[in-house]
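Asker: Handing you a structure now.
Just so you know, all these numbers are worked out from the coordinates, no wet-lab data involved. The structure displayed is predicted, hence computed values, not measured ones. All Cβ positions, glycine included, derive from the backbone under ideal geometry; neighbour counts span all protein chains shown.
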Amino acid sequence: MTRVLTFVLCALMLTACGSDTEIKDVDSGTTAISGGTSRTVGVNSYLWHATLDTLSFMPLASADPFGGVIITDWYSSPSDPNERLKVTIYILDRRLRADGIKIAVFRQVRSNEGWVDSAVNADTATKLEDAILTRARELRLASAAPRS
C-alpha cells in the first residue's frame with residue numbers, strides 16, 4: 001500500500017511539472033515557460049540585459065545566463081593600447097536589487113616582460129556597477145510603460 005501511494009504521489013508531482021503554463025515574474029523581469037523547449041535566463045533579466053548592454057564594447061569570453069556569470073575577454077582601448085581590462089560580473093539574485101551584482105575588474109599593463117597585473121582604481125567597479133544598475137532600471141521602466 002505504501003509503495004502504491006508513493007508511486008501515485010510521484011506521478012502527480014511529475015504531471016504538475018509538465019504543464020505549459022507561462023509565469024511572469026514582474027520583480028525579476030523573467031518569464032519562465034515550462035513544458036516547452038523555451039528557456040529563459042535564470043537570473044534577473046533586467047540585470048542580465050543591462051550588463052550585456054553596458055559591456056557591449058568588450059568582447060565576451062563567457063556568458064552563462066542560468067548561473068548569472070558574464071566574463072569578458074581582455075579589452076584594450078584604442079586610446080591606450082598598453083593597458084587592458086577584463087571584467088567578471090556575477091548576478092546574484094532573481095530580483096532587481098542594488099546588491100544583486102558583484103563585479104571584479106582586472107587590469108594589466110604592457111611592460112618589457114609582457115602583460116603584467118596592475119592595480120585597478122577602486123572606483124572602476126563601483127562606476128561600472130552604477131552604470132549597469134541605471135541601465136537595468138531604464139529597462140524595467142521601459143517594460144512597464146503602457147504600449148500604444
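Asker: Could you please report the charge total around Ile70, scoring K, R as +1 and D, E as -1 over all other residues with beta-carbon less than 14 angstrom from its beta-carbon? Write out the running numbers ahead of the final one.
Answerer: Details: positive: Lys86, Lys102, Arg135; negative: Asp53, Asp64, Asp73, Glu129.
The answer is -1.
Asker: Peptides 139-145, 87-93, 67-73: what's the order by average Cβ count within 10 Å, highest mean first?
Answerer: 87-93, 67-73, 139-145
Asker: Compute the length gained on full extension between Arg107 and Asn82: take 0.36 nm times their separation in residues and subtract their Cα-Cα distance, giving the result in nm to one decimal.
Answerer: 7.9 nm
Asker: I would also like to ask the following. Pop a pseudo-label 7 angstrom from the Cα along the beta-carbon direction at both Val69 and Val120 and give the gap in nm to one decimal.
Answerer: Using points 7 Å along Cα→Cβ, the separation is 1.5 nm.
Asker: Still on this structure: Once all Cα-Cα distances of region 56-137 are split into 5 Å bins that start at 0, what whole-number percent is in each one?
Answerer: In whole percents, the pair-distance histogram is 3, 13, 22, 25, 18, 10, 6, 3, 1, 0.
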